[in-house]
Each structure stands twice: as structure tokens, then as C-alpha cells.
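Written below as C-alpha cells is the structure these notes are about.
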Amino acid sequence: MTEDVARLAEKVPGAAAHSPLQMPRSAWWAIFKRVYVMNGVHNLALLAAGVAFFAFLAFVPLIAVVVLLYGLIADPATVASSLDLLTDVAPAEVLTILREQLLQIVTTSSTQQGLGLVLALLFSTYGAMRAATAMMRALNIIYEEHETRGFFRTTLVAILITLGMAATAIVGLVSISLFSYVRNFLAPYIGASSLMLIQTLTWVVAAVLVSATFAIFFRYAPDRRAAKWRWLSLGSVIATVLWLCITVGFGFYAANISDYNATYGSLAAIVIFLMWLFLSAYSVLIGAEINAETERQTFRDSTVGADRPIGQRGAVLADSVALDEAQQAILAKQERRHAR
């Protein structure tokens, strides 16, 4: 930082922080106030609705990608049985739709081999890209970036994100299956507390994988120089906690309080599924907004690579600072004087 910027940073709490964990309480108060304001400025509810719609269109192809890839290393029929672990977490209607689609995909993909498997994987990946593309556009808005990547690069990023999501899902399925096997195998020999510990470890692994997926979104989806992982971790963890709370809470609400069947009839399951996707997308975008405003709060370079001065970091929020109008005017005047 230049001397002028360094002197200005002394007036901003958390400006010298090298990670979110170094932010003081006053800095977090400023960050969450801006998150509240930017929630309306960026229309996060509208963005979440758009992401949910495209995620709904991409969900079945994404499941097909997971099943086809999982079938290369294991029996894809076990994917459907893994849903039983989510019985007490996700809404029952969501699990019903997932189970039906999984069984259908497993049945139709079991005869595919060789070139047919490759073609099916390519078409499924292309269909599942819609969710990744929608998230890329939403995160560009949150990070205040304009899309400058060409068609081929954007498509490549969407493909890599989609395959990354599928790979994360497969790792999660394998991990949960292993934990479940160990729990069932050891059940006759260990006590209830040990079984509870294994179950807790299962959910911890699942939560870590979900957080990693969100962090991948935040790092690679926006059209900007990637942020360091430490500036993405907090929003990813908060998004995961919000998503888990929303999933459990909405499942309880749909099952015990609201009567979607009376209102929507045969469409109730679809409406509940879309609503769950909307709330899930909202939690992810809130996590991204927290990361964005945390980057704005610090004057340090939050992007990868060697430290760069403000204005040369290749990311709007990394190149901007959390100043009021008077401080911004002073900084601009000093920069003009320095340029002359």
C-alpha cells in the first residue's frame, strides 16, 4: 500500500487484515450492514429465483452425470439407497423426486457401454451446465464484475464447474457409504455413543464437501482474478450452515405446518422442490455476498499471486475499499496529485 492509502487505512477497521479471522468486531458490524443493504441492491431474491429455475432444469442431467461417473467405479444402484441418509433432513417430496429420477437413470444407463456411455455423459454434462452458467452470472453481479470471457472460455469454465460438482458428489457418496458400512459392521460390537460419533463424522464430512463446492463456485465462477482461499472460506462455511438450517427447517415446515397439497394439488412436490432450490440458492448467494463485502473491507490484496497495489488486482472488490464519500474524494484527489 502507498503512504496515502496506508494513512487512510488507519481509519477503516480491518483494513490491514490478512484474513477474515483478523477482522475486528467493528469491521464485521460494517460488513454485515453492507450485506443487508446489498441484499436489496443486488436483488438476491430475484437472482436466487433465477438460479433455482436453471438448477431445476439442470438437476436431472446433473444426477445423470453423477450416476454415469459413479458407475465407472461402483454400482450406480447404490446411489439411490444413499438417499435414505437424508430422510430426516431434506423435505420428503424432494427425496421422492430424486429417488424416482435416480432409479430411472440407473435403469436406462445400466446397458450403456463404450461410446454410448461417453455420448450420454457429454449430453448430460451439457444439460447440467445451465445451473453452473446461472451461478456464474449471479456471482458476477454480486462481485460487480462484467462478463468479458468469450463463449468457449465461459463454456469451459461451466463444464469444469459441473464436473467438479459431480466429482464432489461422488466423493461424498463414497465417503458416506464407507461410514455407513463401518457403522453397520461395528454396530454389534460398539455402544450407542460410538455409533453416534460415526454418524456425526459422516455429517461433518458431508458439510466439508458442501463448503468445498461453494468455495469452488466463489473462486472460479466470477469473471475476475481468483481470490485466495482464506477470503472464500468464511462465506462458504456460513452458506453451508444456512443451507443445512434452511433444508431442515423447510422440511419441517413443509411436513407439519404448510399444506402444499391443498393449495397446489398434484404439483405440490414440484413446488416444494423449486422452493427448496430457491432457498438453497439464496443461502449460497448470501455466503458470496459476505465474501464480497469482506474483500471490500480490507485494503490488503485478497487475490492470488504476489501482492498488487489497489487498482491493479484484476477484481473490482479487491480494487475498491470500504470508504465513505468524503474519504473516497480525498483518496481520488491524492491519486490525481500523485499522477501529475
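Read-outs throughout are calculated quantities, based only on the coordinates presented, and are distinct from any laboratory measurement. As the structure is a prediction and not an experimental result, all values here were calculated from the model. Using ideal geometry, Cβ is built from the backbone for each residue, glycine included, and neighbour counts are taken over all protein chains shown.
Summary of values
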{"item": "Leu122 versus Ser175: modelled label distance in nm, points set 7 Å from Cα along the beta carbon direction", "result": "3.3"}
{"item": "Kirkwood hydrodynamic radius of the stretch 201-306, Cα pairs, Å", "result": "15.4"}
